[in-house]
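Each remark here refers to the structure printed beneath this line.
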Amino acid sequence: MQCQQCDKQAMFHITELETGNVRELHLCEDHARVYLNQAEADSQQDDSDDGSGSIGVGQTAKELSEIDQKFCDMCGITFFEFRNQGRLGCPHDYVQFEEELEPLIANIHGEVKHTGCRPKRDKSAEDQSVLPESTEELTSVIGMRKKIREAVEGEDYEVAGTLRDDIKKILHKWHAEEPTK
Amino acid sequence: MKFEVLKSSVGEWLKGTGPESDIVMSSRVRLARNLAQYPFVGRASETERSEVEEFLRSRLSKTSVGSRLEYMDLGGLEDLDRQFLVERQLISREHADATGARGVAIDSAEQVSLMINEEDHLRIQCLHSGLDLQAVWEQIRGVDKEIEAVVPYAFHERWGYLTACPTNVGTGIRVSVMLHLPALVITRQIDKVFRSLHKISLAVRGLYGEGSQALGDFYQISNQITLGRTESELINQVADVVPVLIDYERRARDFLLEETERNVHDQVSRAFGILRTAQTISAEETMQLLSRVRMGVLLGLVDDLHVSDVNKLLVRTQPAHLQKMKGIDLDTKDRNIERARFLRSYFESGSSDEN
């Protein structure tokens, strides 16, 4: 059986008993993990208000639905879409949804800070400042591409042109130029 | 054509030669990486996915590792060929079944595979025969370093390597060993073992089977956590538990020999008998029987057969391998007949003469 959220095989078969309602879920391992983490957080909300940091703890339904409507400035994914799919939309989501993701990540990994390897760019690169603390600046081109599409739709070709130049500059700075065709 | 080469060879990991290879089939590490300048694969447009593929292909070709690899455009392959690569463990089932621009680069030893546009933009996999995690880690770290010098990976000071699914964030590493544990299954100790593994945050899944019921007693143990510990710590977490499992399995095998040798010998002989004489046989039954025979070989209950023969048969009797060898598409019924025919002729002709 296929997972209801993606193309993977459903490994978890969950039956939710709600008041007067029986709901069947068939999920792959990843989606089940996201779903169960969420369910656990929800149940903590029901029986405790110790503010232990999980999603939903001490928050009203209204606040929760506000969180769901938050969206990423770069790729446009809403937090609701992420909760449904279990997959984020772009690297910037980790910044945009940092507050919301933190309890979820703490739940999965038991930790909230990376301690492993870090990428090193080509040592021969002139500008060593591109060796990253974070790659947020490069990720910003995702949002700029979206703005170009909007500008072109609005026939604002001047804005689109400026944005294209800006993207080129950023890609060049990070040695991420597109391959020449 | 690359497939002709693949067809006549078997991957390094099947040779059954590495350390502890009586129990440890293979050691694998994979790293999940993404480009900073594109949305993750699931949210990328068709154009963006093609750009990601082009970007990675072009950059990889500039690395010494990339230039040694053979690149295959998965979208341009037949279903059967993709299935073949899955059976070979060079790509994931999801990668095979997906749509859109995606590909894989593989080295001739079938140890390194770079999957482009799987769930993440780049998934680096390294696979060795037997228990060899340290060497696998050194090899994959070397590949990763070469690539990161020319590819801007999405990285965040706090969250580490950024991945499409938060379950992989941080190191992006999945360390796994595939174990053959027939004696623990027969002596009904396997569930106890799994419960204790879950307690220390290790995941267990059956290799070919669905759900937790592993077909042929093959189990994959892997780390679940990827953030907040170093790669070495995560590798050691898996590496430290494997000798314990090996010890349990060996003791269970000794117990079986001491207490129930007649029964075990009988089970192994019957399994071997069916494999040598069946006229039609499913992939599942073949896997179960080969598992018994593999144990029998290692316990000295079967003559004239090597572990590497059984390992090869485990892969070659799978659907896509059978069809590639036969050169035509076969439905399930015909595959079962062809599988039985292949097994009979393999055992008749004397097994060890093949490459």
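The values are calculated or read from the model by the stated rules, or taken from the named source; none is laboratory data. Given the structure is predicted, the values throughout are model-derived calculations rather than measurements. Reconstructed Cβ throughout: ideal geometry from the backbone, glycine too, with neighbour counts over all protein chains shown. Each accessible area value is taken on the protein alone, full model and side chains, heavy atoms only, with ligands, DNA and RNA left out. Shrake-Rupley method; radii C 1.70, N 1.55, O 1.52, S 1.80 Å.
Worth a mention:
- Taking 0.890 mPa s as the viscosity and 25 °C as the temperature, the Stokes-Einstein diffusion coefficient of the protein assembly as shown based on its alpha-carbon Kirkwood radius rounds to 98 µm²/s.
- Radius ratio Rg over Rh of segment B:221-355, counting only Cα atoms, Kirkwood formula for Rh: 1.08
- For peptide B:94-103, the mean count of partner chain Cβ atoms within 10 Å of a residue's Cβ comes to 1.
- Helix B:133-148 axis, angle to chain B major axis (alpha carbon atoms, nearest 10°): 20
- Report summary: the helix-based calculation at 222 nm, which adds -39500 (n - 2.57) for every DSSP H run with n ≥ 4 and divides by the residues of the protein assembly as shown, gives -15000 deg cm²/dmol.
- Ordered from longest to shortest, the equivalent ellipsoid semi-axes for segment B:252-317 are 21, 13, 10 Å, each the square root of 5 times a Cα gyration tensor eigenvalue.
- Size of electric dipole in segment B:55-172: Cβ of Lys, Arg +1 and of Asp, Glu -1, about Cα centre, debye, nearest 20: 380
- Remark: spin-label model distance A:Glu153-A:Thr78 equals 1.7 nm, labels positioned 7 Å along the Cα→Cβ axis.
- Residue-normalised accessible area of the protein assembly as shown, expressed per residue, 1.4 Å probe, Å²: 44
- Shape call, segment B:11-57: gyration tensor on alpha carbons, a/c limit 1.5: prolate
- When +1 charges are put on Lys and Arg Cβ atoms and -1 charges on Asp and Glu Cβ atoms, the dipole computed for chain B relative to its Cα centre reaches about 360 debye.
- Value of Rg to Rh for chain B, rounded to two decimals, is 0.98; Kirkwood radius and Rg both from alpha-carbon coordinates.
- With a cut-off of 20 Å on the backbone N, the residues of segment B:163-190 near the modelled label site 7 Å out from B:Ala109 along Cα-Cβ are B:175-178.
- Computed FRET value (nearest 0.05) for B:Leu257 with B:Lys192, which takes r as the C-beta separation and R₀ as 25 Å: 0.75
- Gained length - A:Lys62 relative to A:Met1, 0.36 nm times residue gap less alpha-carbon distance: 18.5 nm
- Largest-first principal axis extents of the Cα set of segment B:73-166 (Å): 42, 32, 24
- Cα centroid separation, segment B:305-322 to segment B:36-110 (Å): 26
- Given charges at Cβ of Lys, Arg, Asp, Glu: the protein assembly as shown dipole, positive-most of B:Leu60, B:Leu122, A:Gly116: B:Leu60
- Charge-dipole axis of chain B as Lys and Arg at +1 and Asp and Glu at -1 on Cβ define it, positive-most pick from B:Asn34, B:Thr47, B:Thr167: B:Thr167
- Spin-label pair B:Ala203/B:Ala135, simplified geometry with 7 Å Cα→Cβ offset, distance in nm: 2.7
- Cα-based Rg / Dmax (Å) for segment A:67-113: 10.2, 28
- Selection among B:Val151, B:Thr317, B:Leu215 by position relative to the dipole of chain B gives B:Leu215 as farthest towards the positive end (Cβ unit charges, Cα centre).
- Test item: Cα-centred dipole of segment A:134-181, Lys/Arg +1 and Asp/Glu -1 on Cβ, debye: 200
- Against chain B, whose longest principal axis comes from its Cα atoms, helix B:231-277 is set at around 30 degrees.
- Entries in A:Lys147/B:Lys62; B:Lys15/B:Lys192; A:Lys62/A:Lys146; A:Lys147/A:Lys168; A:Lys8/B:Lys326 that, when Cα-Cα distance is taken, lie over 26 Å: A:Lys147/B:Lys62; B:Lys15/B:Lys192; A:Lys62/A:Lys146; A:Lys8/B:Lys326
- Between B:Asp97 and B:Glu54, residue separation times 0.36 nm minus the direct Cα-Cα distance comes to 13.4 nm.
- For chain B, the fraction of 1.4 Å probe accessible surface lying on carbon and sulfur atoms is 47 percent.
- Cα pair distances exceeding 16 angstrom across segment B:35-89, given as percent: 56
- Taken over segment B:14-111, the alpha-carbon convex hull comes to 125 cubic angstrom per residue.
- On association of chains A and B, roughly 4800 Å² of accessible area becomes buried (total for both chains; probe 1.4 Å).
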